[in-house]
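Derivation of every value follows stated rules applied to the coordinates shown; laboratory data play no part. What you are looking at is a predicted structure, and each value in this text was computed from that prediction instead of being measured. Counting neighbours? That spans all protein chains shown, and the Cβs are built from the backbone with ideal geometry, glycine included.
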Amino acid sequence: KSKQTSLMSFFKKK
Amino acid sequence: MFEARLVQGSLWKKLLESIKDLLNEAIFDCSSTGITLQAMDSSHVSLVSISMNSDGFDTYRCDRNLSMGIHLPSLSKIMKCAGNDDIITMKATDDADTVSLVFESQNNEKVSDYEMKLIDLDTEHLGIPETEYSCVVKMPSSEFQRICRDLSQLGDSVVIACTKEGVKFSASGELGTGNIKLCQSASTDKEEEAVVVDMNEAVCLTFALRYLNFFAKATPLSAQVQLSMSKDVPLVVEYKISELGFLRFYLAPKIED
């Protein structure tokens, strides 16, 4: 079973 | 004073249709170089990035940087009032709390103007690192739309496997499995119909079809779509907006639990 990741774990807030 | 006139006004209509189901609201950042937008969907799984260069507009003026908070379903409703062949002009004064939209028919016999309220928005901008992707696939946008739609019949996720021979889309679920394989085009006579794979390293990634189907709403914007992929980083789905710029969608991958 695969789990959806969040964009926040790849891109940092400016 | 901000004013952007686009003879090919249908591009605005298509752009709004592409994002209005994914985003409820967004800030249009206007500067002398053009209009940009960056916004994540409410679940923080996908991100929309738009860039429209001032050079691509028929008239463009922006004296002071302006951030317009816009309720997208409202703007989409107003854009629907424009004819497909209408020239669309967007205008705002520097401290405005509204934006004006003027639609002119090609023969100039009908001019409509609408004013829409802007909204206050606090949004966070994300820094997207410049990345060299392992695989970049260019393919007809209609083909991509069809594949996402078809595979949604089988499951919630699609596995995209890219090698130098081509790209394979697979889905599975309770009723069974489906695989769609596209080979790299042998000849590129018709650029719009070509499948081109630029690969440094093979990749195999899993993504939620629900979001890819949202992205595919941008199909009318461009005959081709570009998918950029690397292991364990967000997918980029890019549609060119004519001479104006681009609409990019970023989608976080699904990983093994």
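Values as computed for the structure displayed
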| read-out | value |
| --- | --- |
| Under 5 Å, built H, 5+ apart or other chain: amide partners of B:Glu25 | B:Leu72 |
| Reference-scaled alpha-carbon Rg (2.2 N^0.38 Å with N residues) for region B:4-89 | 1.08 |
| Among B:Ser51, B:Leu126, B:Leu66 - extreme Cα towards positive end, dipole of the protein assembly as shown, charges at beta-carbon | B:Leu126 |
| Radius of gyration and Dmax over the Cα atoms of region B:129-203, both given in Å | 13.4, 41 |
| Value of Rg to Rh for chain B (Rh from inverse mean 1/r over Cα pairs, i.e. Kirkwood) | 1.00 |
| Charge context of B:Gly166, other residues only, Cβ under 13 angstrom, K/R +1, D/E -1 | +1 |
| Principal axis box of region B:211-257, alpha-carbon based, largest edge first, Å | 41, 18, 13 |
| Of the DSSP H helices in chain B, those whose Cα atoms cover at least 27 Å axially and whose Kyte score averages -1.0 or more | none |
| Local electrostatic count at B:Glu115 - Lys and Arg +1, Asp and Glu -1, tallied over other residues with Cβ under 14 Å | +1 |
| Cysteines having no other Cys beta carbon under 4.7 Å from their own, within the protein assembly as shown | B:Cys30, B:Cys62, B:Cys81, B:Cys148, B:Cys183, B:Cys204 |
| Proximal charge balance of B:Val203 [Cβ under 10 Å; K/R count +1, D/E count -1] | -1 |
| 20 °C / 1.002 mPa s Stokes-Einstein diffusion coefficient of region B:127-257, Kirkwood radius on C-alpha pairs, µm²/s | 143 |
| Peptide B:247-257, shielding by other chains (average Cβ, 10 Å cutoff) | 3 |
| Region B:58-195 - convex hull of alpha carbons, volume per residue in Å³ | 228 |
| Value in Å of the Kirkwood radius, where the protein assembly as shown supplies the Cα pairs that are averaged | 19.7 |
| Residue-wise HN-Hα coupling along region B:232-238, computed from phi with Karplus coefficients 6.51, -1.76, 1.60 (Hz; x: Gly, Pro) | 6, 10, x, 6, 10, 10, 10 |
| Shielding by other protein chains, B:37-50, mean Cβ within 10 Å | 2 |
